[in-house]
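Below: the structure, in C-alpha cells.
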Amino acid sequence: MMRVHKELLGLIEVLLKTQTQEGMYDFLQGILTPKELLEIPNRLAIVKLLKKGVSQHDIAEKLHVGIATVTRGSRELQKGRFQNI
C-alpha cells in the first residue's frame, strides 16, 4: 500500500466500520460542512456522467460546476480510478 497519512488511515477505518446508510449519513453530517455534503455527491455525479460518455462541457453546465472540476474527474478516470463506480 502506498504511504498514507496516519490520520487518513484513521478516517478510512471509520468509514469502513460504518455499516448503515443512517450511520454514514450521521457521520458525514458531523464531519463535513453543508457545502461539502453537496460537493462530494456532485463529484460522484461527474464521474458517473463521464463514464457514460457525456462531454465535459455538458457536465459542467448540467451540474453548475467549473470545467476544471470536471477535468479533474476525467484525469482521475484516466489514471484508472473509480473502477467500482
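Restricting to region 1-41, name every residue that is surrounded by 10 or more Cβ atoms within 10 Å (Cβ to Cβ) and outside any helix (DSSP H, G or I). Hits for region 1-41 are Val4, Thr18, Leu32. The set of residues in region 42-57 being assigned to a helix (DSSP H, G or I) and surrounded by 12 or more Cβ atoms within 10 Å (Cβ to Cβ) consists of Asn42, Arg43, Leu44, Ala45, Ile46, Val47, Lys48, Leu49, Leu50, Lys51, Gln56. Can you pull out the residues in region 1-52 that are among the charged types (D, E, K, R) and under 30 Å from Gly66 (Cα atoms)? Those that are among the charged types (D, E, K, R) and under 30 Å from Gly66 (Cα atoms): Glu7, Asp26, Lys35, Glu36, Glu39, Arg43, Lys48, Lys51, Lys52. In region 58-76, the residues that are without any contact (Cβ under 8 Å) to a residue 12 or more places away in the chain form Cβ pairs under 7 Å with partners that are surrounded by fewer than 17 Cβ atoms within 10 Å (Cβ to Cβ), at six or more places apart or across chains, as follows: Ala60/Gly66; Ala60/Ile67; Ile67/His57. Restricting region 58-75 to residues that are in a helix (DSSP H, G or I) and of a type in the set (A, V, I, L, M) leaves a set whose member that is surrounded by the fewest Cβ atoms within 10 Å (Cβ to Cβ) is Ala68.
Since every read-out is calculated from the coordinates, none of them should be taken as a lab result. Please read these numbers as outputs of a predicted model, since none were measured by experiment. Cβ atoms come from the backbone with ideal geometry, glycine included; neighbour counts cover every protein chain shown.
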